[in-house]
Amino acid sequence: MYTRPLARLIDQLQRLPGIGPKTAQRLAFYLLKRPKQETLQLAQSLIDATEQIGVCRQCFTLSAEDPCDICSNPNRELSQVCVVAEPRDVIAMERTREYKGRYHVLGGLLSPMEGIGPEQLKVKELVQRVNRDEVGEVIMAINPSVEGETTILYVGKLLKPFTKVTRLASGLPMGGDLEYADEMTLARALEDRRELI
């Protein structure tokens, strides 16, 4: 139906999350109508991002530097570590401008149904970090979902003997994503965090 390069473009766009066949087709036609220089800049930015962005060896967030800007910032609070599931959650927490500590990105959530156990996440690295860096408080900033609660309880139980473990306060709806929470809700949840039992 489509010429081969257009079919390949549509197929590649469909692989993006939330993009179905019709949206992929619409995006492909939109991109082809744009000036050539504009689409080449988009393609180059994708290439640059995949070649230049890696993972910070300390907190496991996405970064072009290693360690990342947050881990290498001497003004950040060393005794606090905020545990999040994904790198995008770091950005959500930073938008609040309330949190001044460091982060630890797990790389997902525990989900036995999907075969994701502690071995697939950066849990062991977190426990080692808490012991090594004498962290005074670990804040669990995990999405309130079934997988999120499971992850909070599991990680909290591992860390409890070594440090104070808190979690974000209510205000975040069950099943909600940190990424979509407004700054004020996240700031209040951070401020009113409570200790994990």
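The values are calculated or read from the model by the stated rules, or taken from the named source; none is laboratory data. Predicted model only: the values in this text are computed from it and were never measured. Don't worry about glycine lacking a Cβ; one is built from the backbone with ideal geometry, like all the others, and counts go over all protein chains shown. Surface areas here come from the heavy atoms of the whole protein model, side chains and all, with no ligands, DNA or RNA. Shrake-Rupley method; radii C 1.70, N 1.55, O 1.52, S 1.80 Å.
Which residue fluctuates the most in the chain, going by a Gaussian network model with Cα springs under 10 Å, if the choices are Leu27, Leu110, Leu159? Sorting by GNM fluctuation, first place goes to Leu27. Surface analysis of region 75-167 yields an accessible area of 48 Å² per residue, using protein heavy atoms and a 1.4 Å probe. Remark: relative contact order (region 61-197) = 25 percent; criterion is Cα-Cα distance under 8 angstrom and separation of 6 or more residues.
Each Lys or Arg adds one and each Asp or Glu takes one away; over the other residues whose Cβ falls under 12 Å from the Cβ of Thr166, this sums to +1. Of Ile139, Ile152, Ile47, the residue with the greatest mean-square motion in the GNM of the chain, using alpha carbon springs below 10 Å, is Ile47. Roughly how many whole Å is it from the C-alpha centroid of region 55-99 to that of region 1-43? Region 55-99 and region 1-43 have Cα centres spaced 33 Å from each other.
Going by a ≥ b ≥ c, the root eigenvalues of the Cα gyration tensor, does the chain fall in the rounded group (a/c under 1.5), the prolate group (a/b larger than b/c) or the oblate group?
prolate
Taking the DSSP bridge list for region 16-140 and keeping only pairs wholly inside it, about 25 percent are antiparallel.
If you run the Gaussian network model on the chain, springs between alpha carbon atoms under 10 Å, then out of Pro112, Pro87, Pro144 the most flexible one is Pro112. Annotation note: trypsin sites (Lys or Arg not before Pro) in region 1-77 located in DSSP loop regions with a Cβ neighbour count of at most 12 within 10 Å are Arg15, Arg57. Computed on protein heavy atoms with a 1.4 Å probe, the accessible areas place Ile91, Ile19 in the order Ile91, Ile19, largest first. DSSP assigns beta bridges within region 75-167; of those with both partners inside it, close to 10 percent run antiparallel. Across all directions, the average projected area of the convex hull around the alpha carbons of region 75-167 is 5.7 nm².
Sorting Arg88, Arg102 by accessible area puts them as Arg88, Arg102; the probe is 1.4 Å, largest comes first, and only protein heavy atoms count.
Just check region 90-144 against the gyration tensor rule for me: Cα atoms, a ≥ b ≥ c as the square roots of the eigenvalues, rounded for a/c under 1.5, and otherwise prolate or oblate depending on whether a/b exceeds b/c.
The shape class here is oblate.
Please report the carbon-and-sulfur percent of the accessible area for region 26-149; probe 1.4 Å, protein heavy atoms only, DNA, RNA and ligands left out. That share works out to 53 percent.
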